[in-house]
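A quick write-up on the structure given underneath.
The values are calculated or read from the model by the stated rules, or taken from the named source; none is laboratory data. Please read all numbers here as calculations on a predicted model, not as lab measurements. As a convention, Cβ positions derive from the backbone with ideal geometry for all residues, glycine included, and neighbour counts pool all protein chains shown. Note: accessible area is taken over every heavy atom of the protein model, side chains too, but ligands, DNA and RNA are not part of it. Shrake-Rupley method; radii C 1.70, N 1.55, O 1.52, S 1.80 Å.
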Amino acid sequence: MDEMRLKLAVQKSGRLTEPSLDLLTRCGLKLSRGKDQLICVGENMPLDVLFVRDDDIPDLVQEDVCDLGLVGLNVLEESRLELAARGHPARFQQVRTLDFGRCRLSLAVPDGVSFEGPSSLRGRRIATTYPFMLARYLREREVNAEIVTLSGAVEIAPRLGRADLICDLVSTGSTLLANHLREVETVLESHAVLIRTPLELPPEKEEWVQRLLMRIEGVQSVRESKYIMLHAPRSALAEIRKLLPGSESPTIIPLEGFPDKVAIHAVCRENVFWETLESLKKAGASALLVLPVEKMLA
Ligand code: PRT
Ligand code: ZN
């Protein structure tokens, strides 16, 4: 492999695959072929993508096989704790919080079972695929419980009599519902993160890491952003400015032939909903136009 090219680990096939590739595409990366191969070559950047299981991503960065990785905080934290337990401090650095892969690691009890806080866990058997995070949670609360480590299908463990409750990832909650389980405590709020090696990289590689970080920032900040244009009576300017969601300094332009009116252009860093447009109109605005923002660089 070419030592001068960055290597970024991405989940091969799973929940993080599509949003990870979407982020990279929005950052301008063009990949050589489909994601069926282990490695995809970046055609327009010195960056190649390695497709692997998400659980392997922290280790690949830890062992300097990859310079960068896109992985869930849940997997990262578990790996960090596991490494620490084996006496190896984690070397990967978390460099960006990403706006996808949101979920939470939660405790859930079977319907009808009471739960009055962590002390209710005393002496219970808890099934999980995240034994290190669960152990930390219990340790911090000084609760002794039995951790039943499984490799999957955690939600059926109570029904099979293997555990009294579970500690598993939840996003919509429909899996819990379908299995007659009730979420009672959050152990970790999770989302995808970008990690990197702590190694000092050659300047050319480091420059590309910095460019990628900046582009990610740009992509994430425009996702919810909108460009809004409208006409307004000068007298309503103050009120209208207050109504524009998340915009600091709108551009105010005189309107030829209408001395009492101005045009306002603003970048709103939040979504602009119909309700906002209706309020703006009520305040005197007209000719309202909302456009998506494609790229932004501060
Ligand atoms: O093969 P590989 O090991 O790469 O994939 P995997 O099966 O381990 O992972 P995958 O693709 O399921 O998830 C990858 C990452 O997505 C996780 O590590 C989390 O960071 C994130 N993520 C976000 C989730 C969920 N949401 C999620 N809902 N991971 C798993 N789930 C599970 C959840 O445990 C439940 O069983 O999906 C099920 C449905 O969830 P509900 O609450 O929407 O019903
Ligand atoms: Zn996995």
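Here are some notes:
- Just one of the listed residues (Arg136, Arg124) is within 23 Å of Ile147 (Cα to Cα), touching a helix residue (DSSP H, G or I) at 6+ places or on another chain (Cβ under 9 Å) and more than 11 Å from ligand 1 (Cβ to nearest atom), namely Arg136.
- Scanning the range 119-146 for residues that are in a loop (DSSP other than H, G, I, E, B) and within 25 Å of the chain's Cα centre (by Cα), we see that the one that is surrounded by the fewest Cβ atoms within 10 Å (Cβ to Cβ) is Thr129.
Rundown of residues vs (1) free of Cβ contacts under 8 Å to residues at least 12 places away in the same chain; (2) away from ligand 1 (no atom under 12 Å from the Cβ); (3) open to solvent by 30 Å² or more (accessible area, probe 1.4 Å), yes/no style:
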| site | (1), (2), (3) |
| --- | --- |
| Val148 | no, yes, no |
| Val154 | no, no, no |
| Cys167 | no, no, no |
| Thr172 | yes, no, yes |
| Thr175 | no, no, yes |
| Val184 | no, yes, yes |
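- Matching residues in the range 65-99 - criterion: being away from ligand 2 (no atom under 16 Å from the Cβ) and either touching a residue at least 60 places away in the same chain (Cβ under 8 Å) or of a type in the set (S, T, N, Q) (or both): Cys66, Asp67, Leu68, Arg91, Phe92, Gln93, Gln94, Val95, Arg96, Thr97, Leu98, Asp99
- Residue in the range 276-284 that is out of contact with any Leu (no Cβ under 7 Å at 6 or more places or on another chain) and crowded, with 17+ Cβ neighbours inside 10 Å present: yes
- Against the numbered list (1) open to solvent by less than 40 Å² (accessible area, probe 1.4 Å); (2) within 16 Å of ligand 1 (Cβ to nearest atom); (3) not in a strand (DSSP E or B), Asp56 comes up short only at (1).
- Options Val109, Val61, Val75: the member that is farther than 20 Å from Ser13 by Cα and either open to solvent by less than 60 Å² (accessible area, probe 1.4 Å) or not in a helix (DSSP H, G or I) (or both): Val109
- Across the range 36-50, the number of residues qualifying as buried (at least 16 other Cβ atoms within 10 Å of the Cβ) and out of contact with any Leu (no Cβ under 6 Å at 6 or more places or on another chain) comes to 3.
- Cross-chain or 6+ apart pairs with Cβ under 8 Å, the range 271-288 first and part of a loop (DSSP other than H, G, I, E, B), then basic (Lys, Arg): Asn271/Lys226; Val272/Lys226
- In the range 154-204, the residue that is nearest to Gln93 (Cα to Cα) out of those that are of a type in the set (S, T, N, Q) and outside any strand (DSSP E or B) is Thr197.
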